[in-house]
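Asker: Let me give you the structure first, and then I'll get to my questions.
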Amino acid sequence: MQITSFKQYEEDYKKSVENPEQFWGEVAQNFQWRKPWFKVLSWNFNEPDIKWFEGAKLNITENCLDRHLAANGDKPAIIWEPNNPEEESVIYTYKMLHERVCRFANVLKRNGAKKGDRICIYMPMVPELAIAVLACARIGAVHSVIFGGFSAKSIADRINDSQCKVVITADGAYRGNKQIPLKDVIDDALIGCPTVEKCIVLTHVRTPVSMLKGRDVWWEDEVKHVNDICEAEEMDAEDILFILYTSGSTGKPKGVVHTCGGYMVYAGYTFANVFNYQPGEVYFCTADIGWITGHSYIVYGPLSQGATSVLFEGIPTYPSPSRFWDIVEKYKVNTLYTAPTAIRSLMSYGDDPLEGKDLSSIRVLGSVGEPINEEAWHWFDEKIGHGKAPIVDTWWQTETGGIMISPIATVTPTKPSFATLPLPGIQPILVDENGNEIEGNGVMGNLCIKFPWPGMLRTTYGDHERCKQTYFSTYENLYFTGDGCLRDEDGYYRITGRVDDVLNVSGHRIGTAEVENAINMHAGVVESAVVGYPHDVKGQGIYAFVIYPDMHGEAELSKKDILQTVTRVIGAIAKPDKILFVSGLPKTRSGKIMRRILRKIAEGDTGNLGDTSTLLDPGVVEEIIEAAKKL
Ligand code: 7RM
């Protein structure tokens, strides 16, 4: 399954396009199935209706755990590095992880969970988070992991959208020198969640929590009541494995649905190839399991390949900006997979944090989540990889399940700030506004994919029409990514960023409409418009233009009030970096906000605002420009 030469990449690519079913059928042979498929692929992008490995039966946890036990049971599966470096780290071998997963799977059953039930997981980055995820998969329950930075209201919306029956959480989480009261947040959320019957609470920070009789139970008590034998549930290849909510251009996040067979094959295949993982190596992905990167490249991808995956609870700058390098040295990390925002942040501390750190174990570097600028790419290459570790700039999305366009470490070339070439099985095309294919090299357009791949989303939970509208209706017979893209003279792809109203703040996807809705919920706010602007560390910052005529007290305080409202409604990750109070917004005569103009103002590029003649009130633009200069 592993590609070892550029020639083989070219051959595999060709084969994957000419005979995709044969290609993926062969890849899938590297996994363990209870029953084989009768058809590798049936598809239709209009509905959309996509089925991979039809008729096949499996359980992904048998692939991630059981099948490694005989030969590699004592090999570390997860190395857990706590937030506080003074605290002991924990190593789970495959044998131990298997035992814990089976035991917790029995806890889930004991609490009424069964195949098909939705389970919400809201936990810190501790091994029990991976255990909870895998335990759901073991019994065929559908996990919906919610990132620890989301607010009670966001959690409640997600729980209700998928009607979760069980919630798994912890008393609290550590994040650098802060503590986050997870159970408190869950308690607020659950007031509005009638479908939730049980809440399982892990003790982690041991902060006082309220435990509601009949609903809330402690993780540590529950595991004592069950044994560690739990046969894996037999799943159909197209049964749902998980739901993961992600932002789009509307105000409401969508529950992206991934299924068991295709997702497993795709996460495993891309992990083995992109990172060129070699047996015995230590692999460290710094993402949070609350995002797709953590699902595919901390849990399912690495474990399906019998790899050793480092799970880090903390943040890159705590207790000092040397933390990543300390972890690399401590565990002799061979592959480091992180985000451009983290690279830029660490780069800003200069070379001191690298002083005396032994990074010689590093063989492969990876980047994900947003475009990586050349400066950060070169810093990563020179200071961290010492010019010897290929950087895989991996482009993909929650919806794609796994990496789509990326170098293959040690096999295909890299190029600063380019995701380079599509992986075998991936057929990207660029189209213009009208959906016409833009052929040849040295061109730019909207990035679409014209053929299915096993890891692609199947639907958006509870609303198939929305899936169709969002991804398959913009251009006929194509999956539309929402990204703009350049294909250079060499045929290499460079993702230029979103072409819709989705922001990418520190690698986190946030819809402008979501932030606007949150700001508009603040008492007295009449209207708002949110745009992104270039931010040195975060990639994009959030700039909010707000109409708040009779503000409560002075402007600075009112801004803080608005930030508080956004934190309540969405979570701290969506807080605007800049708020500008204005008396009006630039609108067309039909009432549409001209975001193009606001974007230019937010960028500080007011020299050429383009055509403003269609504006209802051109005067408002001058006023906003003047106010923005003083911000
Ligand atoms: C994995 C992940 C997806 C969006 C995507 C892009 C952007 C991700 C890259 C990138 C440039 C990259 N999933 N994006 N990776 N842009 N180069 N290597 O991030 O669903 O949270 O976000 O992120 O805009 O559409 S995600």
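Asker: Hydrophobic (A, V, I, L, M, F, W, C), more than 19 Å from the chain's Cα centre (by Cα), assigned to a loop (DSSP other than H, G, I, E, B) and over 22 Å from K254 (Cα atoms): which single residue out of V205, V196 fits that description? Working first, answer last.
Answerer: Numbers: V196 fails: over 22 Å from K254 (Cα atoms).
Criteria check complete, one pass: V205.
Asker: Provide a single number: the residues in region 138-150 that are part of a loop (DSSP other than H, G, I, E, B), open to solvent by less than 10 Å² (accessible area, probe 1.4 Å) and touching a residue at least 40 places away in the same chain (Cβ under 8 Å). Steps first, please.
Answerer: We begin by selecting, within region 138-150, every residue part of a loop (DSSP other than H, G, I, E, B); these are 140-141, 146-149.
Applying the additional criterion that residues be open to solvent by less than 10 Å² (accessible area, probe 1.4 Å) yields 140-141, 146.
Still in the running and touching a residue at least 40 places away in the same chain (Cβ under 8 Å): 140, 146.
Residues meeting the conditions: 2.
Asker: Here is a follow-up. Suppose we filter I597, I573 for residues that are under 21 Å from N504 (Cα atoms), open to solvent by less than 10 Å² (accessible area, probe 1.4 Å) and in contact (Cβ under 8 Å) with a residue 24 or more places away in the chain; which single one remains?
Answerer: On the way: I573 fails: open to solvent by less than 10 Å² (accessible area, probe 1.4 Å).
Just a single option satisfies the conditions, and that option is I597.
Asker: Give the residue, chosen from P181, P208, that is out of contact with any strand residue (DSSP E or B) (no Cβ under 9 Å at 6 or more places or on another chain) and either open to solvent by 10 Å² or more (accessible area, probe 1.4 Å) or closer than 30 Å to D236 by Cβ (or both). Explain how you work it out, then say what you get.
Answerer: Numbers: P181 fails: out of contact with any strand residue (DSSP E or B) (no Cβ under 9 Å at 6 or more places or on another chain).
None of the other options fit; the residue is P208.
Asker: All but one of (1) of a type in the set (D, E); (2) under 30 Å from M1 (Cα atoms); (3) assigned to a helix (DSSP H, G or I) hold for D221; which doesn't?
Answerer: With (1) of a type in the set (D, E); (2) under 30 Å from M1 (Cα atoms); (3) assigned to a helix (DSSP H, G or I) applied to D221, the lone miss is (2).
Asker: Does at least one position in region 293-308 carry a residue that is within 15 Å of the ligand (Cβ to nearest atom), of a type in the set (S, T, N, Q) and buried (at least 24 other Cβ atoms within 10 Å of the Cβ)?
Answerer: So far as region 293-308 goes, yes, one or more of its residues are within 15 Å of the ligand (Cβ to nearest atom), of a type in the set (S, T, N, Q) and buried (at least 24 other Cβ atoms within 10 Å of the Cβ).
Asker: Separate question: From the residues in region 495-549 that are at pLDDT below 95 and among the basic types (K, R), which one is farthest from T246 (Cα to Cα)?
Answerer: R498
Asker: Another question, then. Out of G541, G511, G524, G497, report the one residue that is in contact with a Ser or Thr (Cβ under 8 Å, 6 or more places away or on another chain) and not aliphatic (A, V, I, L, M).
Answerer: Numbers: G541 fails: in contact with a Ser or Thr (Cβ under 8 Å, 6 or more places away or on another chain); G524 fails: in contact with a Ser or Thr (Cβ under 8 Å, 6 or more places away or on another chain); G497 fails: in contact with a Ser or Thr (Cβ under 8 Å, 6 or more places away or on another chain).
Of the residues listed, the single one that is in contact with a Ser or Thr (Cβ under 8 Å, 6 or more places away or on another chain) and not aliphatic (A, V, I, L, M) is G511.
Asker: Mind listing just one residue for me: the one in region 411-439 that is modelled with pLDDT under 95 and open to solvent by 40 Å² or more (accessible area, probe 1.4 Å) and, of those, farthest from N44 (Cα to Cα)?
Answerer: Checking each candidate, the answer is E433.
Asker: May I ask you to verify whether Y174 is within 19 Å of W80 (Cα to Cα) and in contact with a Pro (Cβ under 8 Å, 6 or more places away or on another chain)? Walk me through how you get there before you give the answer.
Answerer: On the way: within 19 Å of W80 (Cα to Cα): yes; in contact with a Pro (Cβ under 8 Å, 6 or more places away or on another chain): yes.
So Y174 passes the test.
Asker: Also: What is the one condition in (1) surrounded by fewer than 21 Cβ atoms within 10 Å (Cβ to Cβ); (2) within 16 Å of the ligand (Cβ to nearest atom) that G442 does not satisfy?
Answerer: All conditions pass for G442, except number (2).
Asker: Still on this structure, please answer the following. Please report, ordered by residue number, the strands (runs of 3 or more DSSP E) entirely within region 470-539 with at least 2 residues that are on the phi < 0 side of the Ramachandran plot and more than 11 Å from the ligand (Cβ to nearest atom).
Answerer: Values: elements: 479-487, 493-498, 502-505, 508-511, 527-535.
Here the list reads 479-487, 527-535.
Asker: For G290, indicate whether it is modelled with pLDDT of 95 or more, part of a loop (DSSP other than H, G, I, E, B) and open to solvent by less than 10 Å² (accessible area, probe 1.4 Å).
Answerer: Values: modelled with pLDDT of 95 or more: yes; part of a loop (DSSP other than H, G, I, E, B): yes; open to solvent by less than 10 Å² (accessible area, probe 1.4 Å): yes.
It is true that G290 is modelled with pLDDT of 95 or more, part of a loop (DSSP other than H, G, I, E, B) and open to solvent by less than 10 Å² (accessible area, probe 1.4 Å).
Asker: Name the residue, out of F275, F242, F271, that is open to solvent by less than 10 Å² (accessible area, probe 1.4 Å), within 16 Å of the ligand (Cβ to nearest atom) and touching a His at 6+ places or on another chain (Cβ under 6 Å).
Answerer: Working: F275 fails: touching a His at 6+ places or on another chain (Cβ under 6 Å); F271 fails: touching a His at 6+ places or on another chain (Cβ under 6 Å).
After ruling out the rest, the residue left standing is F242.
Asker: Of all the residues that make up region 357-396, how many are open to solvent by less than 10 Å² (accessible area, probe 1.4 Å) and near the ligand (Cβ under 10 Å from one of its atoms)?
Answerer: Counting residues in region 357-396 that are open to solvent by less than 10 Å² (accessible area, probe 1.4 Å) and near the ligand (Cβ under 10 Å from one of its atoms) gives 5.
The values are calculated or read from the model by the stated rules, or taken from the named source; none is laboratory data. These figures come from a predicted structure and were not determined experimentally. Here the Cβ is made from the backbone with ideal geometry for all residues, glycine too, and neighbour counts use every protein chain on show. Just so you know, the surface numbers come from the protein's heavy atoms only, side chains and all, with ligands and any DNA or RNA stripped out. Shrake-Rupley method; radii C 1.70, N 1.55, O 1.52, S 1.80 Å.
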